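Visitor: Encoded as structure tokens, here's the structure I'll be asking about.
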Amino acid sequence: MGIETVLGSKDKGVFMDYAHYNADKYNLHEKPFDYTEDMIEKCWELIVDKHNYKSIWNANKNCEWVYNNIRPYGDRNTTIYRSASETFEDMMGECVDRSFLLITMNNLMGMNAGFVSVMKTYDGRTKPHVCTYVRDFNEGFVLLDPALYGYDPKHKQYAVYDREMVKRFYNTYCMAFNRRDTEDFERYINEFDNLDRRLNGMPEVNMQQSFGNSIQQNNQYQNTNNYSGTPFFTASNALMAIGGAIAIRVFFPDFFEAFSEYVNIFK
């Protein structure tokens, strides 16, 4: 029986051979999907179901580990995109970096895993985001989001990239961002936004934005797990709020006093 036919085994040596076989099968020798021997060791350590390496429980365990152990960037001004091995070594990354790592780990375990560009999340966010998928289970196509949402988020709109698309995304978009190359980065923003739209059957548009704005939007999105909409509060909003408070105090004095007591509890 060849190693390619292995379903699972409690023998670590069998798993190591199987992981190296999959490293060749999925071409995990170059960025952004570049494995390391330590990564294989971690996969073995995390296995929940040794009878079936491709089990959904193993995929979810890998996602859980990435979510809990890869910390967000500290200084946003020095943010760079990392490959799978760099993310694993530095234990640092956001949605793109975490997705590269999770895909590589799941590929090492023989899973058909890949990259997803999310246009609208399950709760309606439209800021840039990516996650991963796996296709090897009875459940069919399952999303795994190692940055925000975990197992099987019901994202509303997304584009599935093939391997060549992901390599181009990494070598162009990510590298232009790392170089802080404004002109190239804006060009690639437009290219990949329109790629997402084509994959969703939507008309292409000119979606270029300034380099500074794109970084600011990305940081705002990645830095919160509770999106509360656009933070605009104008002078007219303030006047309306003041007017409403005065009206409540004049026409509903009992309610105003009760509300004041409630607020004082949290001071």
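Values in this text are rule-based calculations from the coordinates and carry no lab data. The structure displayed is predicted, hence computed values, not measured ones. Note that we place each Cβ from the backbone using ideal geometry, even for glycine, and neighbour counts take in every protein chain shown.
Visitor: Using θ = phi - 60° and the Karplus curve 6.51 cos²θ - 1.76 cosθ + 1.60, what whole-Hz ³J(HN,Hα) does each residue of the range 106-119 get, with Gly and Pro shown as x?
Guide: 5, 4, 4, 8, x, 7, 7, 10, x, 9, 10, 9, 8, 8
Visitor: Here's something else I'd like to know. Please report I47, I103 as a ranked list, fewest other C-beta atoms within 10 angstrom at the top and most at the bottom.
Guide: Numbers: I47 20, I103 29.
In order of increasing Cβ crowding within 10 Å: I47, I103.
Visitor: Which FRET efficiency value, to the nearest 0.05, do you get for D184 and Y122 by plugging their Cβ-Cβ distance into 1/(1 + (r/R0)^6) with R0 = 41 Å? List each step's numbers first, then the result.
Guide: Working: r = 32 Å, r/R0 = 0.78.
E between D184 and Y122, to the nearest 0.05, is 0.80.
Visitor: With 10 angstrom as the radius, rank S99, S83, S117 by how many other C-beta atoms surround their C-beta, starting from the fewest. Kindly include the intermediate steps, with their values, before the conclusion.
Guide: Working: S99 30, S83 20, S117 24.
Ascending Cβ contact count within 10 Å gives the list S83, S117, S99.
Visitor: Go through the range 62-72 residue by residue and turn each phi into a ³J(HN,Hα) via Karplus (6.51, -1.76, 1.60, θ = phi - 60°); whole Hz please, and just put x for glycine and proline.
Guide: With the stated coefficients, the range 62-72 comes to 4, 4, 4, 5, 4, 4, 7, 10, 8, 7, x Hz.
Visitor: Order of T126, T5, T79 from fewest to most other C-beta atoms within 10 Å?
Guide: Numbers: T126 13, T5 7, T79 20.
Lowest count first: T5, T126, T79.
Visitor: Under 5 Å between amide hydrogens, which residues at least 5 positions from G150 or on another chain qualify, with H placed 1.01 Å from N in the peptide plane?
Guide: Long-range HN contacts for G150: D145.
Visitor: Residues in the range 150-191, backbone N under 12 Å from the label point at M202 (7 Å along the Cα-to-beta-carbon vector): list them, ranges by number please.
Guide: 156-159
Visitor: Taking H placed 1.01 Å from N in the peptide plane, check which residues at least 5 places from H129 or on another chain put their amide H under 5 Å from its amide H.
Guide: Sorted by chain and number, the residues that satisfy this are V118.
Visitor: While we're on this one: Taking the highest mean first, how do the peptides 13-26, 84-97 order by number of other beta carbon atoms within 10 angstrom per residue?
Guide: Details: 13-26: 16.8, 84-97: 21.1.
Per-residue mean Cβ counts within 10 Å order the peptides as 84-97, 13-26.
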